[in-house]
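K.L.:
This is the structure I want to talk about, given as structure tokens.
Rule-based calculations on the coordinates, nothing more; no lab input. The structure displayed is predicted, hence computed values, not measured ones. Methodologically, a virtual Cβ is constructed for each residue, glycine included, from the backbone with ideal geometry; neighbour enumeration extends over all protein chains shown.
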Amino acid sequence: FRPGAPAFTTLIKSCGRAGAWEKACELYDAMKARGVAANTITCSALINACGKSRQWEKALEIFSEMKKDGVEANIFTYSALISACAKGMRLDKALEMFEECQRAGVEPDAITYGAVISACEKGKRVDKALEIFASMKGSGSGSGRKPVECNVITYNSLLSACGRAGRHADALGVFDAMRKEGVK
């Protein structure tokens, strides 16, 4: 029996759900040692496993290795990276990954926007969170992109950021947008 990338990916995802990021990294190393090529899905699962355990530095290290090996990043990769940086309280890195995602031509989705807005909330950067929200809604300066639908998690992060900063008028504006969209 010679497991391929799908089997290793499943095991890495299981380790991530269990908070066993070190075991996930061991599986990844074993996979490569057996000559099984890393792919986008496997690398994204490993980055996600590290992020869930607040191992943002390891997640960035895996991302660098992934790029060096010529494995393309997708929206799941970038969302996992941004989330890992947010959980590690590294707003600067989360924003850097968000910008890199866009430069790479990968269109952010609701999960990506939610992760970066959550990072801004944790980093107490309400202005940046509101700017990203405006971009998400297609009304940001020079955004030129289609609006992305917000979910309740994104709205809650934004409301929390506004509340922490004492920006009650902004919070009411966000709440009004939330109600207009029918988000409960």
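K.L.:
Show me, for segment 91-106, the HN-Hα J-couplings you get by feeding each phi into the Karplus relation (A = 6.51, B = -1.76, C = 1.60, θ = phi - 60°), rounded to Hz, glycine and proline as x.
P.N.:
4, 4, 5, 4, 5, 4, 5, 5, 5, 5, 4, 5, 4, 6, x, 8
K.L.:
Then there's this: Let's see if you can work this out: charge +1 on each Lys and Arg Cβ, -1 on each Asp and Glu Cβ, no other charges. What is the dipole magnitude of segment 55-106 about its Cα centre, in debye to the nearest 20? Spell out each step's value before the answer.
P.N.:
Values: 7 positive and 9 negative charges, 25 e Å.
My answer is approximately 120 debye.
K.L.:
Name the residue, out of 33, 24, 119, whose mean-square fluctuation peaks in a Gaussian network model built on the chain with Cα pairs under 10 Å.
P.N.:
Between 33, 24, 119, it is 33 that shows the largest mean-square fluctuation.
K.L.:
Please give, to one decimal in nm, the separation of the simple spin-label points placed at residue 54 and residue 18, each 7 Å out from Cα toward the Cβ.
P.N.:
Placing both labels 7 Å beyond Cα along the Cβ direction yields 2.2 nm.
K.L.:
I need the calculated FRET efficiency for the pair residue 179 and residue 74, taking r as the beta carbon distance and R₀ as 25 Å, to the nearest 0.05.
P.N.:
On the way: r = 33 Å, r/R0 = 1.32.
The pair residue 179/residue 74 has a calculated efficiency of 0.15.
K.L.:
For segment 29-109, rounded, prolate or oblate, judged on the Cα gyration tensor with a ≥ b ≥ c (square roots of eigenvalues), a/c < 1.5 rounded, else prolate if a/b > b/c?
P.N.:
Because a/c hits 1.5 or more and a/b fails to exceed b/c, segment 29-109 counts as oblate.
K.L.:
Which residues' amide hydrogens lie under 5 Å from the amide hydrogen of residue 148, considering only partners 5 or more residues apart or on another chain, with H built in the peptide plane?
P.N.:
For residue 148, the qualifying residues are 137, 138.
K.L.:
Which value, in debye to the nearest 20, describes the size of the charge dipole of the chain about its Cα centre when Lys and Arg Cβ atoms bear +1, Asp and Glu Cβ atoms bear -1, and nothing else is charged? Provide the component values of the computation, followed by the final result.
P.N.:
Details: 27 positive and 21 negative charges, 85 e Å.
My answer is approximately 400 debye.
K.L.:
Given points 7 Å out from each Cα along the Cα-Cβ axis, report the residue 99 to residue 26 separation in nanometres with one decimal.
P.N.:
According to this spin-label approximation, the distance is 3.9 nm.
K.L.:
I need to check one value: relative contact order of segment 1-160, counting alpha carbon pairs closer than 8 Å and at least 6 residues apart, in percent. Display every interim value, and only then the final one.
P.N.:
Numbers: 237 pairs, mean separation 24.8, N = 160.
Normalised by residue count, the contact order of segment 1-160 is 16 percent.
K.L.:
While we're looking at this one, here's another question. Using a Gaussian network model of the chain with C-alpha springs under 10 Å, which one of 114, 35, 88 is most mobile by mean-square fluctuation?
P.N.:
Evaluated over the chain, the most mobile residue of the options is 35.
K.L.:
Per 0.36 nm of contour for each residue apart, how much would the distance between residue 40 and residue 2 grow if the chain were fully extended, relative to their Cα-Cα spacing?
P.N.:
Details: separation 38, 0.36 × 38 = 13.68 nm, distance 2.00 nm.
Extra length from residue 40 to residue 2 when fully extended: 11.7 nm.
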